[in-house]
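Reviewing the structure listed below.
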């Protein structure tokens with residue numbers, strides 16, 4: 001059996017002002033299930049056999065919905081020559097290669113669990129690019145459908161009155177934005193910060209959460225200010241003056257940002273060889289061995305989710321602080337009822 005690892009991340013999705021659950025029926029669900037493909041060069045990426053699962057978990061036997069599937073990168077590996085019998089020989093050939101990664105997305109607390117199954121398997125960043133592209137395609141299709149319907153109504157009325165323009169619809173259905181923020185442990189962050197000889201700056205890029213409460217009064221006030229300026233991005237940067245930024249306060253700030261789960265970090269400096277060193281959430285992400293597992297999607301999902309909950313109980317990572325969990329449960333029940341019809 002292969003030695004596979006689980007990567008843990010926070011999945012933050014907005015379509016305009018709508019968060020993950022508010023945009024799920026119109027955009028996110030079809031983005032997973034409508035057989036989209038993302039092409040670049042000789043490669044294509046797509047979701048294979050996505051499933052909406054309900055897994056029973058916890059002492060209260062709660063039913064939690066997950067989107068389970070595989071992200072496949074279908075490509076061709078090409079070569080032009082080989083070294084045989086002490087000589088270089090022309091031998092052009094191409095071999096199809098389709099490595100995959102398992103993704104498991106919890107709709108209750110928007111946790112994303114990612115397992116690379118093969119060498120050269122698609123990464124979390126590839127997953128983010130794909131799902132954002134597919135949501136965009138669903139949004140564009142909906143806007144086109146509404147526009148054509150409005151156009152028909154306008155012509156039926158003898159071209160009187162006002163019809164909605166595509167510009168109007170683009171405002172109503174804002175552009176999608178997906179951020180995938182890998183979860184980190186304090187130990188991982190401290191170890192990475194120690195690798196810097198000089199820290200030039202640390203930047204914090206604020207991400208609007210799905211439905212989580214803030215973990216820090218500064219971040220809370222920062223987000224409130226951001227809401228007063230629609231369609232804005234907000235970044236705070238701490239830069240060195242002459243000497244390096246002190247590693248201990250930088251590590252503490254990075255830990256607080258990681259604990260918030262909705263901040264993109266970037267640390268820039270030099271390593272012991274005076275080479276440029278850049279760290280992001282990806283640099284100190286938490287991974288744990290999957291161990292023995294069952295190929296059954298429900299059993300695998302349950303095992304991965306239990307592993308995540310164990311990390312939360314042990315204080316290695318912080319679990320999501322959902323603002324109104326009962327409201328979230330009601331919304332999920334409504335979504336599932338619609339989908340099952």
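The values are calculated or read from the model by the stated rules, or taken from the named source; none is laboratory data. Worth saying up front: this structure is predicted, and the values here are computed from it rather than measured. Because the Cβ atoms are built from the backbone with ideal geometry, glycine has one as well, and the counts that use them run over all protein chains shown.
Listed conditions (1) within 24 Å of residue 182 (Cβ to Cβ); (2) out of contact with any helix residue (DSSP H, G or I) (no Cβ under 7 Å at 6 or more places or on another chain); (3) in contact (Cβ under 8 Å) with a residue 12 or more places away in the chain are all met by residue 33, apart from (1). Restricting to segment 179-188, name every residue that is modelled with pLDDT under 90 and closer than 13 Å to residue 279 by Cα. Of everything in segment 179-188, those that are modelled with pLDDT under 90 and closer than 13 Å to residue 279 by Cα turn out to be 184, 188. Among the candidates 12, 55, which residue alone is under 25 Å from residue 122 (Cα atoms), in contact with a strand residue (DSSP E or B) (Cβ under 7 Å, 6 or more places away or on another chain), in the same structural domain as residue 327 (by TED's automatic domain parsing) and modelled with pLDDT under 95? Residue meeting the stated conditions: 12.
Checked against (1) within 26 Å of the chain's Cα centre (by Cα); (2) modelled with pLDDT under 90; (3) surrounded by fewer than 14 Cβ atoms within 10 Å (Cβ to Cβ), residue 175 meets all criteria but (2).
The criterion of being more than 30 Å from residue 139 (Cα to Cα) and touching a helix residue (DSSP H, G or I) at 6+ places or on another chain (Cβ under 9 Å) does not hold for residue 243.
Could you tell me whether any residue of segment 114-122 is within 28 Å of residue 324 (Cα to Cα) and assigned by TED's automatic domain parsing to the domain that holds residue 77? Give the derivation first.
Applying the first criterion (within 28 Å of residue 324 (Cα to Cα)) to segment 114-122 yields 114.
Those left that are additionally assigned by TED's automatic domain parsing to the domain that holds residue 77: 114.
The answer is yes; a qualifying residue exists.
Scoring residue 245 on the criteria (1) in a loop (DSSP other than H, G, I, E, B); (2) within 13 Å of residue 195 (Cβ to Cβ) leaves a single failure, condition (2). Being out of contact with any helix residue (DSSP H, G or I) (no Cβ under 6 Å at 6 or more places or on another chain), surrounded by 13 or more Cβ atoms within 10 Å (Cβ to Cβ) and not assigned by TED's automatic domain parsing to the domain that holds residue 317 is a property that residue 170 lacks. Only residues that are in a strand (DSSP E or B) and under 21 Å from residue 115 (Cβ atoms): list them for segment 1-37, please. Matches in segment 1-37: 5, 6, 7, 8, 9, 10, 11, 12, 13. Being in contact with a strand residue (DSSP E or B) (Cβ under 6 Å, 6 or more places away or on another chain), modelled with pLDDT of 95 or more and closer than 26 Å to residue 318 by Cα is true of residue 67. Selection of segment 268-285 for residues being within 28 Å of residue 19 (Cα to Cα), out of contact with any helix residue (DSSP H, G or I) (no Cβ under 6 Å at 6 or more places or on another chain) and in contact (Cβ under 8 Å) with a residue 40 or more places away in the chain yields 281, 282, 285. Only a single item in (1) surrounded by fewer than 18 Cβ atoms within 10 Å (Cβ to Cβ); (2) more than 19 Å from residue 285 (Cβ to Cβ) is not met by residue 117, and it is number (2).
Taking the conditions exactly as written (closer than 30 Å to residue 3 by Cα, crowded, with 18+ Cβ neighbours inside 10 Å and within 20 Å of the chain's Cα centre (by Cα)), does residue 318 satisfy them or not?
On the way: closer than 30 Å to residue 3 by Cα: yes; crowded, with 18+ Cβ neighbours inside 10 Å: no; within 20 Å of the chain's Cα centre (by Cα): yes.
Considered against the rule, which asks whether it is closer than 30 Å to residue 3 by Cα, crowded, with 18+ Cβ neighbours inside 10 Å and within 20 Å of the chain's Cα centre (by Cα), residue 318 comes out as no.
The set of residues in segment 52-74 that are touching a helix residue (DSSP H, G or I) at 6+ places or on another chain (Cβ under 6 Å) and under 15 Å from residue 30 (Cα atoms) comprises 66, 67, 68.
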